[in-house]
Amino acid sequence: MAVLSITVALMFGIACDGPDQPERPQSNVSSAAPAFSPTPPGAATAAPSSTTTLAGTSVPALSPTTTSAATAVPESSPTTSSIDGATWILVSIYGQPPIAGTYATLTVNGPQFNGFDGCNFIGGRHESGKPIINADGEISAPPIAGTAMGCMSPPGILDQADRYLDAMLQPARARLVDDRLHIVDRSGEVALAFVRQPPLAGRPVELVGTSWRLVDDDGTYGEGDTTLLFLHSRAATGTTACRDFTLGYTASDGRIRIPSKGMSGSIEACSRDAVKREHRFVEDFGWANEYSVHQVEGSKRLMVRTSKGKTLKFEPLPQPAGAIFDVRWHLTRFLETRSNSSGMTRPRDTEVIPGVNVTAAFSKETVEGSLGCQSYTYRAVGGQGPILIGAGGTIFNDDAAVSTKNSCGDQRTVSPQQRQYLDFLAAAERYHVFGDRLVILTCAGDGLVFHAEVGN
């Protein structure tokens, strides 16, 4: 049978708008966002009916306020600027410490506040712009909304949450005492006492293009199974003990939010234990609130603190030199990042249609592979020793060409999804290898995700 050779015309040297820029810094007020799902500010949200257990959350080892009723509060001028924007951790309710293993917070920023009462997120805003805490320390509570979880563990958690909210709704004043925040009721008793949580000082530029592996000290998520790759300033992807995920995120200095996500693949091939581990990670990481990247014993560490008080630790995920060349890769999904009318980024994760088989093998000068019964070669041309796949995860498309050979008996043409693959390949500018995954990114922030073929 004759082999038909076709040269496919593609756009080369696709222009980008310059390097990826971080998102505009967001407000320091944390938003109540259930795992990977946004909650509109000021809206009451129906939460999942499953029980929320807060055991294992970390609360600073600080002594609670132990003064009796009618505690005398030293006169100190409240400095609103020193209260606003900080995350305050509850250490006592009317002189009694919170239930062991629970975690409650308060954040105030001008006319709005939010907090976590140990079970649910609460928040509110004065639409008039009136501050929650004025210059004299007087507290004015706005209309309050929150999530609606019916937590059953630990015992007494809902009663504690009710007392926390009641104290917030009563006429009260705020005072700073030795860097603690006291909420004082009209009788002068310290209803709530908080300690300032040290902020994390991450920068968005420290995330973009980095890949990480979760340090799972207690076996909660599966050792070595959970990875995270920040594709650019709007989207990330990674693996869990069961499936792959793609998420949209926003980051400013020290603050991170996960407004959307998508899971890839079926859980049918996963063990029950793997599904449970995946659920734990998705639930916990979905509440991401703060982050930092810092050095620990000569190596970088990514710390992500959640709104529920958990801290997730990640270590760099090695990308061995030349790893892209070692195996044949099988395309599994497309990543496309789009923004809606409100500017929120939502990644769209499209799996390869069954029967659309796409493979790739890389050398420094070429990408060769299969499009089913067709084959393709994408080759650097011109110059002396032309390079297509460079060091440091770079791909050079300024001068490259692709050709296909059709050996199908019915002279079948390239399918729309195979064409999309070739178009993405022509716009590629960098790649990342993490574990048995390969991600190729275009200058527009879209991507191709491959798995190493079994048997390589």
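The values are calculated or read from the model by the stated rules, or taken from the named source; none is laboratory data. Please read these numbers as outputs of a predicted model, since none were measured by experiment. Counting neighbours? That spans all protein chains shown, and the Cβs are built from the backbone with ideal geometry, glycine included.
Gly322 meets each of the listed conditions (1) without any contact (Cβ under 8 Å) to a residue 12 or more places away in the chain; (2) of a type outside the set (Phe, Trp, Tyr); (3) in contact with a Lys or Arg (Cβ under 9 Å, 6 or more places away or on another chain) apart from (3).
Inclusion of Thr227 among residues that are in contact with an Asp or Glu (Cβ under 8 Å, 6 or more places away or on another chain) and polar (S, T, N, Q) is not warranted. Kindly establish whether Ser58 is at pLDDT 80 or above, surrounded by fewer than 16 Cβ atoms within 10 Å (Cβ to Cβ), out of contact with any helix residue (DSSP H, G or I) (no Cβ under 9 Å at 6 or more places or on another chain) and of a type outside the set (Asp, Glu). It is false that Ser58 is at pLDDT 80 or above, surrounded by fewer than 16 Cβ atoms within 10 Å (Cβ to Cβ), out of contact with any helix residue (DSSP H, G or I) (no Cβ under 9 Å at 6 or more places or on another chain) and of a type outside the set (Asp, Glu). Among the conditions (1) hydroxyl-bearing (Ser, Thr, Tyr); (2) surrounded by fewer than 16 Cβ atoms within 10 Å (Cβ to Cβ); (3) modelled with pLDDT of 85 or more; (4) under 34 Å from the mean Cα position of the chain (by Cα), the only one that Thr377 does not satisfy is (4). For segment 359-377, the set of residues classified as assigned to a strand (DSSP E or B) and within 19 Å of Ala323 (Cα to Cα) consists of Thr359, Ala360, Ala361, Phe362, Thr366, Val367, Glu368, Gly369, listed by residue number. Mind listing just one residue for me: the one in segment 335-358 that is of a type outside the set (Val, Ile, Thr) and over 19 Å from Phe245 (Cβ atoms) and, of those, modelled with the highest pLDDT? Checked segment 335-358; the qualifying residue modelled with the highest pLDDT is Asn357. Can you name the number of the only condition in (1) outside any strand (DSSP E or B); (2) crowded, with 16+ Cβ neighbours inside 10 Å that Ala174 fails? Only one criterion in (1) outside any strand (DSSP E or B); (2) crowded, with 16+ Cβ neighbours inside 10 Å is unmet by Ala174, namely (1). Residue-level analysis places Phe285 outside the set of residues that are surrounded by fewer than 14 Cβ atoms within 10 Å (Cβ to Cβ) and either under 17 Å from the mean Cα position of the chain (by Cα) or farther than 22 Å from Pro198 by Cα (or both). The number of residues in segment 256-291 that are of a type in the set (Ser, Thr, Tyr) and closer than 12 Å to Leu312 by Cβ comes to 1. Highlighted here are the strands (runs of 3 or more DSSP E) found entirely within segment 381-456 that include at least 3 residues which are at pLDDT below 85 and surrounded by 13 or more Cβ atoms within 10 Å (Cβ to Cβ): 400-406.
As a summary of the residue check, Ser252 satisfies the conditions (1) modelled with pLDDT under 90; (2) more than 12 Å from the chain's Cα centre (by Cα) except for the one numbered (1). Considering only residues in segment 232-258 that are part of a loop (DSSP other than H, G, I, E, B) and touching an Asp or Glu at 6+ places or on another chain (Cβ under 9 Å), the one that is farthest from Arg333 (Cα to Cα) turns out to be Gly254.
Which one of Ala167, Ala145, Ala161 is touching a residue at least 12 places away in the same chain (Cβ under 8 Å), in a helix (DSSP H, G or I) and within 30 Å of the chain's Cα centre (by Cα)? None of the other options fit; the residue is Ala161. Answer yes or no as to whether Glu138 is over 17 Å from Thr105 (Cα atoms), at pLDDT 85 or above, surrounded by 17 or more Cβ atoms within 10 Å (Cβ to Cβ) and not aromatic (Phe, Trp, Tyr). No. Residues of segment 84-111 that are more than 20 Å from Thr306 (Cα to Cα) and either in a helix (DSSP H, G or I) or of a type in the set (Val, Ile, Thr) (or both): Ile93 alone.
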